[in-house]
Amino acid sequence: MMFSKIKKPLVLCVLFFLPVLFLLFLYPSKHNYNALDIVKTNIPELHNFKTSEGGSITLENQLTVLGFLGEDPMQDATPALNLKELVYDKFRGFKRFQIVVLLPESAKSQAQALKKELNAFEPLKYWTFAFGSPEALQNAYTNLKISAVLRPDLGSDYVFIIDKERHQRGRLDDRTKTQKEQDAPIQGLYSYNVLEVSELKNKMSDDMRILFTEYRQKRKGKFDSNTRRADDILNNEIN
């Protein structure tokens, strides 16, 4: 009987103090991270594209997710829905964040229908559809670092992260820890597949958070621009 009386307060004390103790261990530690790599510099502005209202698009001073949905975006709305649910909904409202989707001028009516579907619950304040000629779309796509070609319908399953200085961001070395230990060939990640839910939820979300943290620390004067994931690559090349 005496043991049961002691046991209850003891369990309560353990349940209360264990999380506190865990937080105390974490408190002195410094959160170190490497900045998101610049994989290509000076992405040109999209001067040859206009919104359906005739407005212009600006990449400078914006954190942009850039996509290409092709001539027939309503034929398969999965890429746009994934982009909205797994990227837009997560980062909307962050300062200077925008999603820009480029389409041919022939896709204006379909883009309007897609916008209506995406707007079902709330207006897409930070999402812009912009239209241009097939040549303008091809040029905008080839200005990016990517291994896959633009499809004949002028669409792509990949989206790109462009920073405020118009540099394309990604990973120069996307190997896992195990792959590095096994000395596997270096493979980069320059774009993100909108059909791969795990890639959007894990890798792209991770990289977007790192980029937002980088700019937040820059504003506070705490950012060290010398830290990058590329450090490992440079060390390997030197050695």
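The values are calculated or read from the model by the stated rules, or taken from the named source; none is laboratory data. The structure displayed is predicted, hence computed values, not measured ones. Quick reminder, even Gly has a Cβ in these numbers, built from the backbone with ideal geometry, and neighbours come from all protein chains shown. Protein only, heavy atoms only, side chains kept; ligands, DNA and RNA dropped before computing areas. Shrake-Rupley method; radii C 1.70, N 1.55, O 1.52, S 1.80 Å.
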Residue hits (the stretch 90-109; assigned to a helix (DSSP H, G or I), open to solvent by 50 Å² or more (accessible area, probe 1.4 Å) and either of a type outside the set (D, E, K, R) or free of Cβ contacts under 8 Å to residues at least 24 places away in the same chain (or both)) are SER106, SER109
Taking interchain pairs and intrachain pairs at least six residues apart, which have beta carbon atoms under 6 angstrom, with the first residue in the stretch 207-220 and without any contact (Cβ under 8 Å) to a residue 40 or more places away in the chain and the second open to solvent by 20 Å² or more (accessible area, probe 1.4 Å)? GLN217/PHE223
Matching residues in the stretch 135-188 - criterion: being surrounded by 14 or more Cβ atoms within 10 Å (Cβ to Cβ), in a helix (DSSP H, G or I) and at pLDDT below 95: GLN179
Looking at the stretch 110-134, which of the residues that are hydrophobic (A, V, I, L, M, F, W, C) and assigned to a strand (DSSP E or B) is surrounded by the most Cβ atoms within 10 Å (Cβ to Cβ)? PHE129
So which of LYS218, LYS222, LYS203 ends up being at pLDDT below 90, basic (Lys, Arg) and outside any loop (DSSP other than H, G, I, E, B)? LYS218
Within the stretch 110-156, which residues are among the aromatic types (Phe, Trp, Tyr) and without any contact (Cβ under 8 Å) to a residue 24 or more places away in the chain? PHE121
Just to be sure I understand, how many residues within the stretch 104-144 are β-branched (Val, Ile, Thr) and within 19 Å of the chain's Cα centre (by Cα)? 1
Looking only at residues that are of a type in the set (A, V, I, L, M) and closer than 16 Å to SER133 by Cβ in the stretch 44-65, which one is modelled with the highest pLDDT? LEU46
